[in-house]
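Working notes, beginning with the structure itself.
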Amino acid sequence: MTDDRLVTAGEGTGHPRWVAGAPIPAPLRLHRATVQPSWVDYNRHMSESSYLLAFGDNADAFFRYIGIDEQYRADGHSLYTVETHLHHRREVGEGESLSMTLRVLDLDDKRVHVFHEMFLGDGGPLLATAEQMLVHVEMRAGRSAPMPRALARRLEAIHRAHAQLALPETVGRPMRINRA
Amino acid sequence: MGERPTPFSTYSTVVREEWLDYNGHMHDASYGIVFSDANEELFAALGLSVDYSATARASLYTVECHIRYLAECSLGQPLRAATIVVAADARKVRLYTELLHEDGRRAATGEFLYLHVDTALGATTAMPTDRHDRVQDMLGAHAGLPRPSHLGLGVGAPRAGLRDT
């Protein structure tokens, strides 16, 4: 590893960790960010890849919350993103503050289906959403692997806590051009 | 023309160090950079890129993006892109782009929906006729290309796409 590599906000400290028995927020609110100068494109709005970066940081905060950190990865396992579907609702410019939510929609022994929302500031309008499928992998073999029980139990608890939330309208919806 | 249709395939790149994540593979967001750059080359060919947005006070905004990550990419690997205009009208363009390794394996696929937006009004507006004609020409040229079975499916659809061509 060199210093040139992309270091995400989820790396390091500052994000909440799992506390056994503590109430689980629905949805989780683990990550905030400010739109960086390098995130905006020639239209002076946040670029596509910057949304992926910001949602990726939110996913990293979630990983840290459930216990997937440097040590967990050093032991050979991680969660990989296999699919991401972004919906953009509203443009956002440099210097604006962002707050993120994350909910667990579904899971099995290897996969976690999550949904992120990005809001302007605190309680501002919805800017974008991301639906993602994450897979637990054995990194050296490069293949999916069942999650250890301790991790699965945490995710099951989060899934139960999030079952009360209404299903977002875009979940599972394919992309198409609607003609009037 | 009578020629066999081919996807728009001018873009190629090499995986850069700053695109890697803590696992030493290309970060999710870096695929987004590559997809955006590849799609921008197509829009430049249609006269709908940076210069257009500066003079026309209109631009293509991404409203939806669906990426499937299929294979890891590591430092120094060459990548190329192949894009099909899947659907389009005067206000919307839908693209399907594959990122391919040197041996033809797919590293990722992306579906993108763009709206043509009047940047002053912040509302969709019809493209000028000349631009719309170019888009329709490319749409027509790509009409004969095979459509992958995973096109237009939601997240978590069965991964038949891993085996199709």
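Assorted remarks:
- For the range B:108-122, a tally of residues being surrounded by 19 or more Cβ atoms within 10 Å (Cβ to Cβ) and either touching a residue at least 60 places away in the same chain (Cβ under 8 Å) or farther than 22 Å from residue A:143 by Cα (or both) returns 8.
- Here the range A:44-69 is the region considered, the condition is being surrounded by fewer than 17 Cβ atoms within 10 Å (Cβ to Cβ) and touching a residue at least 40 places away in the same chain (Cβ under 8 Å), and the residue that is nearest to the chain's Cα centre (by Cα) is A:67.
- Checking every residue in the range B:41-51 against the condition of being more than 11 Å from the chain's Cα centre (by Cα), in a loop (DSSP other than H, G, I, E, B) and more than 30 Å from residue B:124 (Cα to Cα) gives zero matches.
- Selection within the range B:135-150: residues that are out of contact with any strand residue (DSSP E or B) (no Cβ under 6 Å at 6 or more places or on another chain) and surrounded by 17 or more Cβ atoms within 10 Å (Cβ to Cβ). The member of this set that is nearest to residue B:4 (Cα to Cα) is B:141.
- Residue within the range A:80-96 that is more than 14 Å from chain B (Cβ to nearest Cβ), in contact with a helix residue (DSSP H, G or I) (Cβ under 9 Å, 6 or more places away or on another chain) and either closer than 30 Å to residue B:121 by Cα or at pLDDT below 95 (or both) present: yes
- Cβ-Cβ contacts under 7 Å between residues 6 or more apart (or on different chains), taken from a first residue in the range A:94-109 that is under 13 Å from residue A:126 (Cα atoms) to a second residue that is small (Gly, Ala, Ser), are listed as A:97/A:121; A:98/A:33; A:98/A:54; A:99/A:121.
- Residue match in the range B:83-91 (condition: over 14 Å from the mean Cα position of the chain (by Cα) and part of a strand (DSSP E or B)): no
The values are calculated or read from the model by the stated rules, or taken from the named source; none is laboratory data. Since the model is a prediction, treat every value here as computed from it, not as a measurement. Neighbour counts are summed over all protein chains in view; Cβ atoms, including those assigned to glycine, are modelled from backbone coordinates with ideal geometry.
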